[in-house]
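Presented below is the structure to which this report refers.
The values are calculated or read from the model by the stated rules, or taken from the named source; none is laboratory data. Everything quoted here is computed from the prediction, not taken from an experiment. Note: ideal-geometry Cβ built from the backbone for every residue, glycine included; neighbour counts use all protein chains shown.
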Amino acid sequence: MAEDNSMPIIPKAGSIYVHTGNICTWDRLKHKVNQIPNFEVYECLSECMKKALDDSAKSSLQYEHSLTCCGQGDTPSPTTDSEVDRSNLKLTAKVFLSTPTGEALQDAITYIKSDLAVTYIDNLLISFPSHVTEEIVHDVWQEVERSIMNGVILKAGVSDMDKTELEALYNWAQIKPSTNQVNLASCCVMPPELVEYAQENGIQLLTHNDPQEILTGENLTQLLSETLTTRDAQGWTLHYVVRYTNLMKLRGVIKSKGYLMRALRDVRGKRAF
């Protein structure tokens, strides 16, 4: 719980990074199979931060410039796991880019590779905030293309693009998006013009039920107020949230699933509380 009247725990921190670890091993989530995505990510991030902070000497965090909270070491490494060979796993990562820049995407990819001990991501999906410009999409997709050419990503797609947006990206991109996720909650039935365009250009249409903002700015402030203090929660900007799943190809079973979150704030020139 937040201690509203207490001194802030991380007054000098300009970065918060959270990795939940493999939530498939969390007993409390096993009975919440159909949990709404934004509820799930909030609960997972909150539990991970609370445990990490409970295990920390909070007085030492006063001088830290970043806060890292990682899960209980329960995320298996797909490259070293003796039970399943990496070639038998399909790693899919969906990046909800609250700060839609190529730099933010590169940061997310770096953390995915490092924390999961993998050299490549089988399938990367990009979820943009609403009302982004073509220039922003181009900047992000150029980073996607670089990652594909470097063998870091095998396939990449987008989420919630209408026919006009998808066509603009397809016509411009050197490496075309392989998929486009469609939220049927917003349209009930896939728009015929989108279906026709996707079929003509070999783009797979998939359905999903994720909100476009899986963690809002208000959610982030509440999360940090509850796990740290109200004063610690001030001034943060959500960089991205990543949801990843490792699927065992031959069995169709999810071996691991988790969330990554990065938030930043500018503490330069600010007085430490």
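Summary table
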read-out: Residue 266 part of a loop (DSSP other than H, G, I, E, B), at pLDDT 95 or above and of a type in the set (Asp, Glu); value: no
read-out: Enumeration of residues in the range 93-119 that are buried (at least 16 other Cβ atoms within 10 Å of the Cβ), of a type outside the set (Lys, Arg) and not in a helix (DSSP H, G or I); value: 93, 95, 96, 97, 98, 99, 100, 118
read-out: Exclusive hit being in contact with a helix residue (DSSP H, G or I) (Cβ under 6 Å, 6 or more places away or on another chain) and either over 22 Å from residue 256 (Cβ atoms) or without any contact (Cβ under 8 Å) to a residue 12 or more places away in the chain (or both), set 136, 175; value: 175
read-out: All helices (runs of 4 or more DSSP H) inside the range 144-236 with 1 or more residues being touching a Leu at 6+ places or on another chain (Cβ under 9 Å) and surrounded by 19 or more Cβ atoms within 10 Å (Cβ to Cβ); value: 163-172, 192-200, 217-227
read-out: Residues of the range 70-95 classified as modelled with pLDDT of 95 or more and under 30 Å from residue 12 (Cβ atoms), total; value: 1
